[in-house]
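Every read-out reported here was derived from the displayed coordinates using simple, explicitly stated rules and does not represent laboratory data. In this text, all values refer to a predicted model and were calculated from it rather than measured experimentally. Cβ coordinates were reconstructed from backbone atoms using ideal geometry, including for glycine residues, and neighbour counts include every protein chain displayed.
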Amino acid sequence: MLCVLLSRNTLLSFSRTGLRHLERRAQLPRPASADVTRHRAAGAASFVPQLGFHTSRRLRALPAPLVFLVLKPAQKLVAIILGRYIRKWWAALPPNKRQQFREAAWRRRWHLLAGGAVLSAVMAAFLLTHLDESPVTGRTRSVELLFMFTPCCLSQYLEEFKDSILPQKDPRHQVVEQLITHLAQRNQDVTEMSSITWNVHVVDLPVQNAFIMPDGKVFVFTGLLDVVADIHQLTFILGHEMAHSLIGHAAEQASLSHVLDFLSLILLTAVWALCPRDSVAALGQWLQGKLMQFMFERPFSRRLEAEADQVGLQLAAKACADVRAAPVFWQQLELVEELHGEPPLPEWRSSHPSHQNRAKQLDRLVPQALELRANCMCPTLPEADPRAVFSEAMRHLVEEAREQQRAEKEKKAGQAGLITVPLPALQPLRPPHNVM
Ligand SMILES: [Zn+2]
């Protein structure tokens, strides 16, 4: 298995970003074998909590292609118009005609049921004939051919970020490019890796996000570089994004979206046909949309994110990153949210797993990833586990906060005491003795 090590140059390239402190903290262990003598390994950077992190917004998924923005509302509009037409047509029918239709429908109920069954069977056959195996994880899935949206979206993004894309000579661009190249080189055993050409764009905007388009166009925002604590976390995040591309998650989401759109159109037509008034139908439409989101789209998205975390961790392990740093990244983001008093979004409402659950899942996968890393003849990791370092730092932080609270309470109590302690009663002043 080809395993290439993170070079020290990569570390030294960090500058003018929030990652500069990593250079000072990184301990570079010696290579583990003669095969890797020309490489300098990046060891674990000790983590000190970065309380200056930006408030973490949930990482955005890949934006929807423009065609969906036009096509989806048009389809909905057609379904609404059709549903309303059916309702008004039914309402305008004389009672005896309605009764005739009801009786005819009842007489042909078996034909109607058979028609529904045939339609369901056609749909099931369509899905089953599009089944394949997900790369790396081997999960069975249904994927349509990936639509050729990339050229339009790439030019759209390049136009949107044209004033903020860093030049290739910028150290931040070079760092990301080197990491992507390292990850790609060390994961050549993944068949799909050779079919993707990675092309890096670093965007100088305070957005805590990164995404990779299905054909390998990488977009990383400097806001993300500011919140990762070390090079190992960044390697894991880039591995996560590469995993989305390698597994073809965009195609999977497009497939699910098309199936749900089709079901939605049928339901939407039914809602607008059956509801007695437009206001009720509008409410029914809203409910139907929310049900689709919370029952299908978001759970599916969370599942893909969890899979990308799992595969990203493996990619990072083979690139000799300290995979123990991966769960710490999500713990940091959780901590930042807490420090900013942001209530966490309940997971069932989110397209991504909660920070806490991501950290827990990665924590469970770390032993397996460490084994994989060891099989790649990576240098031995330092004993200081970033997870333990983070926990210890958190313990100190909590103790300090408690100490500070206690001191403030005592100070307030002291001040209050000065005010409330009764002054000794003063003797009334006697008139001066007559000295005369
Ligand atoms: Zn993701």
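For segment 125-130, 3J(HN,Hα) computed residue by residue from phi via the Karplus equation (6.51, -1.76, 1.60; θ = phi - 60°) reads 5, 4, 5, 5, 6, 9 Hz, glycine and proline entered as x. Placing a label point 7 Å from the Cα of ASP363 along the Cα-to-Cβ direction, the residues of segment 305-329 with a backbone N closer than 15 Å are 324-329. The phi torsions of segment 172-189, fed into the Karplus equation with coefficients 6.51, -1.76 and 1.60 and a -60° offset, translate into couplings of 5, 5, 5, 4, 5, 5, 5, 5, 4, 4, 4, 4, 5, 5, 7, 10, 5, 6 Hz, rounded to whole numbers, with Gly and Pro shown as x.
Highest mean first, what order results for 317-330, 87-100 on Cβ atoms within 10 Å?
On the way: 317-330: 28.2, 87-100: 10.6.
Peptide ranking by packing, descending: 317-330, 87-100.
Both radii are taken from the alpha-carbon atoms of segment 293-418; with Rh as the Kirkwood radius, Rg/Rh is 1.15. Scoring 177-185, 348-356, 242-250, 305-313 by mean Cβ neighbours within 10 Å over their residues and listing the highest first yields 242-250, 305-313, 177-185, 348-356.
Amide H to amide H, with H built 1.01 Å from N, SER134 comes under 5 Å of ARG139, THR140, ARG141, counting only residues 5 or more places away or on other chains.
Using +1 on the beta carbon of Lys and Arg, -1 on that of Asp and Glu, and nothing else charged, what's the dipole of segment 147-236 about the Cα centre, debye to 20? Before the final figure, lay out the partial values.
Details: 5 positive and 11 negative charges, 25 e Å.
With Lys and Arg at +1 and Asp and Glu at -1, about 120 debye.
By per-residue mean of other Cβ atoms within 10 Å, what is the highest-first order of 292-300, 357-365, 161-169? Write down the numbers at each step before the final one.
Details: 292-300: 14.9, 357-365: 18.6, 161-169: 12.3.
Result, highest mean first: 357-365, 292-300, 161-169.
Report, in listed order, any pair from LYS217/LYS290; LYS318/LYS360; LYS76/LYS290; LYS169/LYS217; LYS72/LYS290 with a Cα-Cα distance greater than 23 Å. Kindly include the intermediate steps, with their values, before the conclusion.
On the way: LYS217/LYS290 32 Å; LYS318/LYS360 21 Å; LYS76/LYS290 15 Å; LYS169/LYS217 18 Å; LYS72/LYS290 16 Å.
From the list (LYS217/LYS290; LYS318/LYS360; LYS76/LYS290; LYS169/LYS217; LYS72/LYS290), the Cα-Cα distance tops 23 Å for LYS217/LYS290.
Quick check on segment 273-339: take the gyration tensor over C-alpha atoms, sort the square-rooted eigenvalues as a ≥ b ≥ c, and tell me if it's rounded (a/c under 1.5), prolate or oblate. Display every interim value, and only then the final one.
Working: a/c = 8.26, a/b = 2.64, b/c = 3.13.
Note, shape of segment 273-339 comes out oblate.
Segment 292-334 and segment 353-409 have Cα centres lying 16 Å from one another.
A dipole drawn for segment 71-124 from +1 and -1 charges on Cβ atoms has a positive end, and of LEU93, GLN75, ALA124 the residue lying farthest that way is LEU93. For segment 336-344, 3J(HN,Hα) computed residue by residue from phi via the Karplus equation (6.51, -1.76, 1.60; θ = phi - 60°) reads 4, 4, 5, 5, 8, x, 8, x, x Hz, glycine and proline entered as x.
Which of VAL280, VAL70, VAL200, VAL207 comes first, and how do the rest follow, when ranked by fewest Cβ neighbours within 10 Å? It would help to have the intermediate numbers written out before the result.
Details: VAL280 13, VAL70 10, VAL200 22, VAL207 19.
Fewest to most other Cβ atoms nearby, the residues stand as VAL70, VAL280, VAL207, VAL200.
Projecting the Cα atoms of ILE247, LEU234, ASN209 onto the charge dipole of segment 197-305, computed from C-beta unit charges around the Cα centre, puts ILE247 farthest toward the positive end.
Amide H contacts of VAL200 (H built 1.01 Å from N, in plane; Pro and chain starts excluded): VAL218 sit under 5 Å, all sequence-distant by 5 or more or on other chains.
Where the alpha-carbon atoms of segment 148-277 are placed on the principal axes, they occupy 63, 36, 29 Å, in descending order.
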